[in-house]
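Here's the structure we're looking at; comments come further down.
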């Protein structure tokens, strides 16, 4: 294949660079992967050698913590990320059973630091994937740990009570923030880059489908959040405005949990 010959020539030049700069190549830790949409050649592996050592083929290489796949759907990466968030939710549940950890502010800060930060890592790269929404159930569980609400609780109410913008909005704002950096910061690797013509409608490029952010991230999240709530007027919502802060309530965990269940209208109630 011509691509194999091209890679061998590139590696030959890289070997010369290593020798000039007194570096040592490590082919044993080098992997090759091919990205394409030809399903007939999905299982084909490249035959490439470097310094006489055949390079191993990886179907899901990891680059800077992001797991890639042949079609760049990021399905594997999102599945692994969801498992990580679920593990961190277990830590969050442990805090609800302790006296010093069962505080709404502590739980919210812990969820943002452990769960949401993990779920949003490098999201400008994979936010447009059709599999991105698979992360939302794990983050819904994080908000249930913060609020003490039950599973039947409407997700709109869940995020209002947790004081955290919904995951799709947070990912979209993060992508738009990165797009603004790409257009304004000359140090950005993609600054001034011209995207290649798109051949498939299903491929949504970061440079062509994401608009730069014109507000602060907080203002953008609130604006998109309120617009989302206005577009679903028939869903059961509370008379609490959307804000990235906890609504008023008691710091006592038992009272806070009971109050949120009363606000959402989902929970046990005594019959007269």
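Things to note:
- For the chain, calculated [θ]222 nm from helices alone, where every DSSP H run of n ≥ 4 adds -39500 (n - 2.57): -14000 deg cm²/dmol
- On Cα atoms only, tilt of 136-147 relative to the major axis of the chain in degrees: 40
- Extension gain, residue 268 back to residue 71 (0.36 nm per residue minus Cα-Cα distance, nm): 66.2 nm
- Exposure proxy ranking for 77, 193, 188, based on other Cβ atoms within 10 angstrom of each Cβ and starting from the fewest, stands as 193, 188, 77.
- Distance in nm between pseudo-label sites at residue 211 and residue 40 (7 Å out along the Cβ direction from Cα): 4.2
- Note on residue 25 and residue 133: their simple-model spin labels are 4.6 nm apart, each label 7 Å out from Cα toward Cβ.
- A Stokes-Einstein calculation at 25 °C with viscosity 0.890 mPa s, built on the Kirkwood radius of the stretch 161-251 over Cα pairs, returns a diffusion coefficient of 158 µm²/s.
- Additional length obtainable on full extension of the chain from residue 18 to residue 3, 0.36 nm per residue less Cα span: 3.2 nm
- Convex hull volume of the stretch 42-198 per residue (C-alpha atoms, cubic angstrom): 189
- The GNM of the chain, with springs linking C-alpha atoms under 10 angstrom apart, assigns the highest mean-square fluctuation among 251, 89, 21 to 21.
- Value of relative contact order over the chain, rounded to a whole percent, pairs C-alpha under 8 Å and six or more apart: 17
- Gaussian network model of the chain, springs between alpha carbon atoms under 10 Å - residue of 172, 243, 254 with greatest fluctuation: 254
- Length-normalised contact order for the stretch 177-272 - Cα pairs under 8 Å, 6+ apart - percent: 20
- In this simple spin-label model, placing a label point 7 Å from the Cα along the Cα-to-Cβ direction at both residue 226 and residue 57 gives a separation of 5.5 nm.
- In whole angstrom, the chain maps to an equivalent ellipsoid with semi-axes of 45, 21, 18, each derived as √(5λ) from the alpha carbon gyration tensor and ordered largest first.
- Estimated FRET transfer efficiency when R0 is 45 angstrom, pair residue 193-residue 109 (beta carbons, to 0.05): 0.75
- The chain: angle of helix 75-96 to the longest principal axis, Cα-based, in degrees nearest 10: 40
- The relative contact order of the stretch 94-178, computed from alpha carbon pairs under 8 Å that lie at least 6 residues apart in sequence, is 33 percent.
- Taking the empirical scaling 2.2 N^0.38 Å for compact globular proteins as reference, the stretch 2-59 has a Cα radius of gyration ratio of 1.25.
- Nearest-ten-degree value, helix 2-20 long axis tilted from longest Cα axis of the chain: 90
Just so you know, all these numbers are worked out from the coordinates, no wet-lab data involved. Since this is a predicted model, take the numbers as computed values, not measurements. Cβ: placed from backbone, ideal geometry, glycine included. Neighbour counts: every protein chain shown.
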